[in-house]
Structures are given as C-alpha cells and as structure tokens.
Amino acid sequence: MEDVRHNLDDTDVQATIDDFHKIEMRVGRVVAVEDFAEARNPSFKLTIDFGPHGVRRSSAAVRRWYEKSALLGRLVVCVTNFPPRRIATFDSEVLTLGAMEADGRVVLLEPDADATLGSPIG
C-alpha cells in the first residue's frame, strides 16, 4: 500500500453498486515481510497467500507503525484485480487496505481469525 492522502471530507463523490462490484477484494495472509529501502515512503514488501487464488506481492507503506513480526502471519484485506503498479524497483500486484487516520497513521484492515484465505469481501 502506497502512502495515499485522502480527503476525509470527500462526501460529494458517489459510487454505484456496479462500481463496487468491479473491485475484487480478498482475504490473504502475510507469509513474508522484507524491508523496502528503495521506496520513497518507509515501506515493506509483503508476500501474501490468497489460498486457492495464489500468492501475490504488495508494497505497504506501513513501516512507521508496524514491526515485521507484527505483520508476519497477519490476515489482511487486499484489492486483487488492479493491474500491477511499479513502486521504485518493485511490482506491487495487490493493494493492501488500511484505514487512513487523521494523524497520518495507516491501520491495516484485519479480518477475524476464522476467515478463509481467498474469501471475497463484499
């Protein structure tokens, strides 16, 4: 997940249910965490297992708030149908989702422990 600044007051922009259905979000488990020194913002390279949907990689700009040990094994929610995005020297294949706090922190979304890998979010 790259460091994206959202205006939390953007309430005049509306999406339709059809727009929502175009976005594929799935439950995954972080199986590897690497430092990503080349990224502009403090980031990790995450390897995420989506069960029957395979293993994908993600750049997550969360190094200020998370230790590697806290991410390893953690369940996450990711957008899995965006095209890969080049971040510095790395192709990020999925977008790992988090809440963007007013103070700039990113709080990763985490499903309950019994969520099945690859389950769609809807």
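Every number here is computed from the coordinates shown, using simple stated rules; none is lab data. Quick caveat, the model's predicted, so the values are computed rather than measured. Cβ: placed from backbone, ideal geometry, glycine included. Neighbour counts: every protein chain shown.
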Inset, instruction - Show me 100-113, 64-77, 47-60 ranked by packing, highest mean number of other Cβ atoms within 10 Å first. - result: 47-60, 64-77, 100-113
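With both partners inside the range 17-108, how many of the DSSP beta bridges are antiparallel, as a percent to the nearest 5? Could the numbers behind the result be given before it?
On the way: 26 of 26 bridges.
Beta bridges within the range 17-108, antiparallel portion: roughly 100 percent.
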Legend entry - Backbone N under 15 Å from the Ile121 label point (7 Å along Cα→Cβ), restricted to the range 83-110: 94-101, 106-110
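Between Glu110 and Glu67, what length comes free when the chain is fully extended (0.36 nm per residue of separation minus the Cα-Cα distance, one decimal in nm)? The partial results should precede the final answer.
Numbers: separation 43, 0.36 × 43 = 15.48 nm, distance 1.56 nm.
Result for the pair: 13.9 nm of gain on full extension.
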Legend entry - the chain, helix-only ellipticity at 222 nm - DSSP H runs n ≥ 4, -39,500 (n - 2.57), divided by all residues, nearest 500: -1500 deg cm²/dmol
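Which value, in Å³ per residue, describes the convex hull spanned by the Cα atoms of the range 17-108? Can you show the working numbers first?
Numbers: hull volume 9.5 nm³, N = 92.
Here the figure is 103 Å³ per residue.
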Inset, instruction - Within the range 15-63, list the GluC sites (Glu not before Pro) lying in a DSSP loop whose Cβ has at most 14 other Cβ atoms in a 10 Å radius. - result: Glu38
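For the range 17-108, what does the relative contact order come out to in percent, with C-alpha contacts under 8 Å and a separation of six or more? Mind dumping the intermediate values first?
Details: 177 pairs, mean separation 25.3, N = 92.
Over the range 17-108, the number comes to 28 percent.
If you take the beta carbon distance between Arg86 and Asp35 as r and set R0 to 25 Å, what does 1/(1 + (r/R0)^6) give as a FRET efficiency, to the nearest 0.05? The partial results should precede the final answer.
Values: r = 18 Å, r/R0 = 0.73.
So, using R0 = 25 Å, E works out to roughly 0.85.
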